[in-house]
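Data block below; observations after.
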Amino acid sequence: MEALDNNISCKAKAKIKAKIITASDINQGIRLTKAAIKDELVYQLSSKTKISWTTLEITQKYLERAGFVLYRINVWNPITPPVFEINTSDLTRSLRAELEQLQNTDPEGFERVVTEAVQTLLEGINSRYYHTAGLPYKVSWRFEP
């Protein structure tokens, strides 16, 4: 492996490294790809940290919701299946702006990105159950203020 690494030029190594997009990049007007938007949405829904002078609180509100929805999709009334609710107030302004732009320019892409993000959370709760119960195509979600 070391011999292979020595044969790669420094320029090639520099090209291989991917640029990590930060919040400041988003604020400067750099648009994210759909995959980056999905990843950021999954990240922001995975946990939320609240820090005060006396406490550090880490909440997993959406993982708890994912567990609730995951185990009820197949036993819920098929006319009104459980809906995964996402509070827009829990998302950063920059991510909300990216999602709004995507919804305006590519509504189908927006639906796919959010659905895949919710599917990722559900799969993370119990991957085996998620796949064997046939849940990937039963996911429904909505945004709430």
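The values are calculated or read from the model by the stated rules, or taken from the named source; none is laboratory data. On a predicted model such as this, the values are computed, not experimentally measured, just so you know. In this analysis, Cβ positions are derived from the backbone assuming ideal geometry, glycine residues included, and neighbour counts consider all displayed protein chains.
Out of the residues in region 92-102 that are within 13 Å of residue 32 (Cα to Cα) and in contact with an Asp or Glu (Cβ under 9 Å, 6 or more places away or on another chain), which is surrounded by the most Cβ atoms within 10 Å (Cβ to Cβ)?
Across region 92-102, the extreme among qualifying residues is 98.
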Suppose the filter is more than 19 Å from residue 39 (Cα to Cα), hydrophobic (A, V, I, L, M, F, W, C) and exposed (fewer than 12 other Cβ atoms within 10 Å of the Cβ); does residue 73 pass it?
no
Considering only region 67-93, state which residues are over 15 Å from residue 137 (Cα atoms) and within 14 Å of the chain's Cα centre (by Cα).
85, 86, 87, 88, 90, 91, 92
Enumeration of residues in region 106-115 that are in contact (Cβ under 8 Å) with a residue 60 or more places away in the chain and crowded, with 17+ Cβ neighbours inside 10 Å
113, 114
Which listed residue, of 35, 3, is within 27 Å of residue 109 (Cα to Cα) and either at pLDDT below 85 or assigned to a helix (DSSP H, G or I) (or both)
35
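With the requirement that a residue be of a type in the set (A, V, I, L, M, F, W, C) and surrounded by 13 or more Cβ atoms within 10 Å (Cβ to Cβ), what does region 31-67 give you? Reasoning before the result, please.
Filtering region 31-67 for residues of a type in the set (A, V, I, L, M, F, W, C) gives 32, 35-37, 41-42, 45, 51, 53, 56, 58, 63, 66.
Once the filter is applied, which keeps residues that are of a type in the set (A, V, I, L, M, F, W, C) and surrounded by 13 or more Cβ atoms within 10 Å (Cβ to Cβ), region 31-67 yields 32, 36, 37, 41, 42, 45, 63, 66.
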